[in-house]
Amino acid sequence: MKYYFAPLEGITGYIYRNAHASCFPGMDRYYSPFLVPHQNRDFDTREKNDILPEHNQGYTLIPQILTNRSEDFLRLSAALARYGYREINLNLGCPSGTVVTRGKGSGFLTNPDALDRFLSEVCSGFEHLHLKLSVKTRIGWESAEEWPRLLEIFNAYPLSELIIHPRLRADFYKNIPHMETYEYACSHTPLPLCFNGDLKTPENIRDLEQWFPQTKAVMIGRGLLETPDLVCRMRGAAPAGMAQLENFHGQLLDGYCASISGERNVLFKMKEFWAYFGKNFPRKEKELKKIRKAQKLTVYREITASLFADV
Ligand SMILES: Cc1cc2nc3c(=O)[nH]c(=O)nc-3n(C[C@H](O)[C@H](O)[C@H](O)COP(=O)(O)O)c2cc1C
């Protein structure tokens, strides 16, 4: 089984990936939060920093693109190939309103004919570019009945991997994953399958492996944000101790301080991190609240230092 870190826009940028890979090595892959096409340049500054090879040393990064225009997908992919990337991932899952109203992300799933044309154009372009295409998808817009048709389309192309998040757009991140549609995929596709969704514990992952042995890889997002050593545990390591968690937090904070200007922006990032990482401190609600309210880095540092010291 392979283990992938899911793309999480605003969270798993290169600073996070570097801290994670250094403290909890062993992930098979990280996926970049989605990149979007721009009019006059390939990448904006933030995106360029995120995919620069020198910012992504020591682990495998798969860049992800969000668009419904094949010419834009091919142009960005060619730019990524010039940086040395060999596989590109297509985002067919994003549920955000501004994205889906433009027919992108999970919005693209409402137009299967256009999706079919897009994949056909991208796959023939990729043959010339010697690139592999993988897809990360939801199972439909508002009904699981859409899934067989969508799967039939994916099956027609030589995708290197089909990553399935078995939720509808209508589910956003709520409700439980539609496991029957994942089961359907397992018996109706020759494509290598990756499962994504709600894997939080080693038991969750082992159950998935046992029930769906066709699964080649699992992609984990929020489970790793909450339990950054989850994959190390899958590989037999003992649960991370407080010193390891503190070291991870310290590397992340140093990374953000060195790359983001303005205390408020650094604090914003760290508060978002604690929204998940705070799970490791179940009896510390008062301190976690202080973190959420912190307006100064000096105050933030004091609160977190005492939190790590006092468990
Ligand atoms: C804050 C946030 C940002 C996300 N950004 C992306 C993204 O850039 N690309 C993408 O394909 N999925 C994105 N996702 C979806 C996750 O990659 C993943 O599919 C989802 O969280 C379900 O997996 P999990 O239960 O393991 O977290 C995002 C999800 C969240 C909560």
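The values are calculated or read from the model by the stated rules, or taken from the named source; none is laboratory data. Keep in mind that this is a model prediction, so the values were computed, not measured. Neighbour counts run over all protein chains shown; Cβ positions are idealised from the backbone, glycine included.
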For this session: Hey, could you check region 2-52 for residues that are more than 16 Å from the ligand (Cβ to nearest atom), more than 23 Å from Asn247 (Cα to Cα) and in contact (Cβ under 8 Å) with a residue 12 or more places away in the chain and say which is surrounded by the most Cβ atoms within 10 Å (Cβ to Cβ)?
Result: Asp42
Exercise. Hey, does region 33-54 have a residue that's at pLDDT below 95, assigned to a loop (DSSP other than H, G, I, E, B) and out of contact with any Phe, Trp or Tyr (no Cβ under 7 Å at 6 or more places or on another chain)?
Worked result: yes
Problem set entry | Candidate set from region 53-75 (those that are β-branched (Val, Ile, Thr) and without any contact (Cβ under 8 Å) to a residue 40 or more places away in the chain); member that is nearest to the ligand (Cβ to nearest atom) | Ile65
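Yes/no matrix, rows are residues, columns are (1) part of a helix (DSSP H, G or I); (2) over 30 Å from Leu162 (Cα atoms); (3) within 16 Å of the ligand (Cβ to nearest atom); (4) modelled with pLDDT of 95 or more:
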position: Met219; (1), (2), (3), (4): no, no, yes, yes
position: Pro239; (1), (2), (3), (4): no, yes, no, yes
position: Leu245; (1), (2), (3), (4): yes, yes, no, yes
position: Ala258; (1), (2), (3), (4): yes, yes, no, yes
position: Gly278; (1), (2), (3), (4): yes, yes, yes, yes
position: Pro282; (1), (2), (3), (4): no, yes, no, no
position: Ile291; (1), (2), (3), (4): yes, yes, no, yes
Problem set entry | Meets criteria (surrounded by 21 or more Cβ atoms within 10 Å (Cβ to Cβ), within 16 Å of the ligand (Cβ to nearest atom) and not charged (D, E, K, R)) for Gly97 | no
Exercise. Pick from His55, His130: which is surrounded by 15 or more Cβ atoms within 10 Å (Cβ to Cβ) and either in contact with a strand residue (DSSP E or B) (Cβ under 9 Å, 6 or more places away or on another chain) or closer than 28 Å to Lys2 by Cα (or both)?
Worked result: His55
Problem set entry | Tally, over region 157-197, of residues that are surrounded by fewer than 14 Cβ atoms within 10 Å (Cβ to Cβ), away from the ligand (no atom under 11 Å from the Cβ) and in contact (Cβ under 8 Å) with a residue 40 or more places away in the chain | 1
For this session: Output the number of residues of region 108-139 satisfying the condition of being more than 27 Å from Lys216 (Cα to Cα) and within 16 Å of the ligand (Cβ to nearest atom).
Result: 0
Exercise. In region 213-249, what residues are surrounded by fewer than 16 Cβ atoms within 10 Å (Cβ to Cβ) and among the small types (Gly, Ala, Ser)?
Worked result: Gly236, Ala237, Ala238, Gly241, Ala243
